[in-house]
Number of protein chains: 2
Amino acid sequence: MNNQIKVAIVGYGNLGRGVELSISKNPDMSLVAVFSRRDPKSVTTINTPVYSVENILDFKDKVDVLILCGGSKDDLPIQGPLYAEHFNIVDSYDNHAEIPSYFASVDKVAKPNKKVGMISIGWDPGMFSINRLFGEALLPDGDTYTFWGKGLSQGHSDAIRRVEGVKAGVQYTIPSNSAIEKVRSGTRPSLSTKDKHTRECFVVLKDGADAKKVENEIKTMPNYFEPYDTTVNFISQEEFDKNHNTMPHGGFVIRSGNSSNGINQVIEYSLKLDSNPEFTASVLVAYARATYKLALKGDFGAKTAFDVAPNLLSAKSPADLVKELL
Amino acid sequence: MNNQIKVAIVGYGNLGRGVELSISKNPDMSLVAVFSRRDPKSVTTINTPVYSVENILDFKDKVDVLILCGGSKDDLPIQGPLYAEHFNIVDSYDNHAEIPSYFASVDKVAKPNKKVGMISIGWDPGMFSINRLFGEALLPDGDTYTFWGKGLSQGHSDAIRRVEGVKAGVQYTIPSNSAIEKVRSGTRPSLSTKDKHTRECFVVLKDGADAKKVENEIKTMPNYFEPYDTTVNFISQEEFDKNHNTMPHGGFVIRSGNSSNGINQVIEYSLKLDSNPEFTASVLVAYARATYKLALKGDFGAKTAFDVAPNLLSAKSPADLVKELL
């Protein structure tokens, strides 16, 4: 197609690969380039040409939307404002506390340069955020509950691996079924994050390490594990490699509210994901389409999922959407 | 508040009453009038003044948004285009097959008169439609499943009451648990509406009526009941009055898709509603706020939920939403 939306990726890890897969499922888009800080020869994509990120400005007029697939801690705070000067960008910046200042830093560059900077796209922040907003707007007299999991938590897995004697380890966050049932009942219980989740760890020990000591050190780790009901399972490297090499995730956003006295209304949004990075990538790609349409309309500056009308996410015309999906 | 959004209602049945309740939970809005075709003295609201609909044009400059609470069959096709000439309107037009032509009839009047005509708002069409769109846009390689219930179906209850020997009756549509579980598993089964739902009827017989004959006539009614797994329960008038006087409803929209080979991703949106009309009313009120904001921006014409960015639904500022909910 000549009128495909031309997309490029910066950074090719699990998320970048997910974006490449997702674009192959969207015939109105084409992936023209992957940009990497690594030697392009050392980066193996599925079938997209790889260029050094140093040459990215040569593509200024060949790319409609640039999807930033770097990390929120070190990459995006620099890359977002840097590339929003020259490209419409989409990213998955997910450091919740810092989003307002990141938004401002992207907005300051994108607006005067007539670019769209779509930030914090994915499922949380992203789809979960939208559902928190819908819940609150539709049922103002209510409470919102977010549950995460079952899913692999990168931060908690890293924390396990820093414990002495640990050779390999992963941590799954598991939503508490009894807490979910309480929320679904419409009773609007008070629940802390700790009440809503348990933590399950799978650990491979180094030769000669003391299992009791490792278990205790994990379970008593402040903030990460201490306040939670935590289980530690010791397994072999073989079992670890076989059963813990995927990145499932998901969760629930539940709004429980009262439209009048005694009338309970419960809205529930949930995700069950075999692959966290592939789903996040799918969301990024749909919002890349919206970013392109916003840029065509001249609606520039930093944007979030809250600014995007559902229509903009689809490749179909508004009239077809009304006919087929309304 | 002086800067409250001024809302009025046309038609005061279950839905109109729900709108009145909902506005009382939204401090940025006030309900200035209920318009009725009945004698205003015969209409008892909670605390809103009632006027004859014949005087509605006197309120042209006193109302920001008019919420039409009439029926889709006879009222809205006339009222939508009629009132969109003078007011920003919101309605819950739900005759799916006729939505495109209704949209056109409202658009033709609203646009030249610089009004916003927000149509087909509620949960289906409405929130379910949005979730069908999100599902398709996020997981283009996938299937969408809509389940309704457990809920009272007005059309099927009417059909029961037309059977000879029936004094009173209601019908609940019940989603099939086994079908839902199949869909949640990610296997993307093929399911007809009939596979996805069963029908449960509660019937009070007239004196001397033949139960066997009534049951048979219901179960073999073409289209309504014949193709479904239907249960008929006979109960006393007393039990009917006690247990079947509310209007619960709800349902599920599930998108099951593959982001790559063998990777299943499942998105589920569900509603569990004690009161169908009160929830529909809550959605109408949130979209009345969006309608007001679109009119302020000069974005006139017919609109649906697909045209509304989530931001527009909330009373909070975009910056607060980013800070609190993203």
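The values are calculated or read from the model by the stated rules, or taken from the named source; none is laboratory data. Everything numeric here is computed off the predicted structure, so don't read it as measured data. Don't worry about glycine lacking a Cβ; one is built from the backbone with ideal geometry, like all the others, and counts go over all protein chains shown.
Has the stretch A:183-204 got any residue that is closer than 30 Å to B:VAL283 by Cα, in contact with a helix residue (DSSP H, G or I) (Cβ under 8 Å, 6 or more places away or on another chain) and either within 14 Å of another protein chain (Cβ to nearest Cβ) or surrounded by fewer than 20 Cβ atoms within 10 Å (Cβ to Cβ) (or both)?
yes
Among (1) farther than 25 Å from A:ASN276 by Cα; (2) modelled with pLDDT under 95; (3) of a type in the set (Gly, Ala, Ser), there is one condition A:SER72 misses while meeting the rest; what is its number?
(1)
Before we move on, is A:SER30 modelled with pLDDT under 95 and within 19 Å of A:PHE279 (Cα to Cα)?
Answer is no for this residue.
In this structure, does B:ASN223 turn out to be more than 9 Å from chain A (Cβ to nearest Cβ), farther than 24 Å from B:PHE147 by Cβ, out of contact with any Phe, Trp or Tyr (no Cβ under 7 Å at 6 or more places or on another chain) and not in a helix (DSSP H, G or I)?
no
Only one of these is at the interface with chain A (Cβ under 9 Å from one of its Cβ atoms), more than 30 Å from A:VAL19 (Cα to Cα) and at pLDDT 95 or above: B:ILE99, B:ILE130. Name it.
Every option except B:ILE99 fails the conditions.
Checking the structure you have, find out if any residue of the stretch B:219-229 is within 30 Å of B:PRO310 (Cα to Cα) and either over 23 Å from the mean Cα position of the chain (by Cα) or of a type outside the set (Gly, Ala, Ser) (or both).
no
If a residue counts only when it is more than 10 Å from chain A (Cβ to nearest Cβ) and out of contact with any His (no Cβ under 9 Å at 6 or more places or on another chain), which helices (runs of 4 or more DSSP H) contained entirely in the stretch B:235-326 have at least 2 such residues?
Where helices (runs of 4 or more DSSP H) fall fully within the stretch B:235-326 and carry at least 2 residues being more than 10 Å from chain A (Cβ to nearest Cβ) and out of contact with any His (no Cβ under 9 Å at 6 or more places or on another chain), they are B:237-243, B:276-297.
Considering each residue of the stretch A:134-150, count those that are surrounded by fewer than 22 Cβ atoms within 10 Å (Cβ to Cβ) and facing chain B (nearest Cβ under 7 Å), and give that number.
The total comes to 2.
Residues B:ASP64, B:ASP94, B:ASP75, B:ASP107: which one is within 13 Å of another protein chain (Cβ to nearest Cβ), acidic (Asp, Glu) and touching a residue at least 40 places away in the same chain (Cβ under 8 Å)?
Answer to the selection: B:ASP107.
From the list B:ASN216, B:ASN223, exactly one residue is modelled with pLDDT under 95 and either β-branched (Val, Ile, Thr) or farther than 24 Å from B:ILE267 by Cβ (or both). Which is it?
The match here is B:ASN223.
If I ask for residues that are assigned to a loop (DSSP other than H, G, I, E, B) and either touching a Lys or Arg at 6+ places or on another chain (Cβ under 9 Å) or among the aliphatic types (A, V, I, L, M) (or both), which ones from the stretch A:1-25 would you list?
Within the stretch A:1-25, A:MET1, A:GLY11, A:TYR12 meet the criteria.
Given the conditions (1) more than 14 Å from chain B (Cβ to nearest Cβ); (2) part of a helix (DSSP H, G or I); (3) among the aromatic types (Phe, Trp, Tyr), report the number of the one that A:TYR172 does not fulfil.
Only one criterion in (1) more than 14 Å from chain B (Cβ to nearest Cβ); (2) part of a helix (DSSP H, G or I); (3) among the aromatic types (Phe, Trp, Tyr) is unmet by A:TYR172, namely (2).
Go through the stretch A:3-44 residue by residue and tally those that are within 14 Å of chain B (Cβ to nearest Cβ) and of a type outside the set (Asp, Glu).
Count: 15.
Take the residues of the stretch B:34-63 that are under 15 Å from B:LEU82 (Cα atoms) and among the aliphatic types (A, V, I, L, M): which is surrounded by the most Cβ atoms within 10 Å (Cβ to Cβ)?
B:ILE56
Going by the conditions given, is B:LYS272 at pLDDT below 95, within 30 Å of A:ALA309 (Cβ to Cβ), among the charged types (D, E, K, R) and surrounded by 17 or more Cβ atoms within 10 Å (Cβ to Cβ)?
So B:LYS272 does not fit the description; no.
Listed residues B:ASN223, B:ASN113; which is surrounded by fewer than 18 Cβ atoms within 10 Å (Cβ to Cβ) and closer than 27 Å to B:ALA281 by Cβ?
Of B:ASN223, B:ASN113, the one residue that is surrounded by fewer than 18 Cβ atoms within 10 Å (Cβ to Cβ) and closer than 27 Å to B:ALA281 by Cβ is B:ASN113.
Can you go through B:ILE89, B:ILE130, B:ILE119 and tell me which one is touching an Asp or Glu at 6+ places or on another chain (Cβ under 9 Å), surrounded by 18 or more Cβ atoms within 10 Å (Cβ to Cβ) and closer than 19 Å to B:LEU312 by Cβ?
B:ILE119
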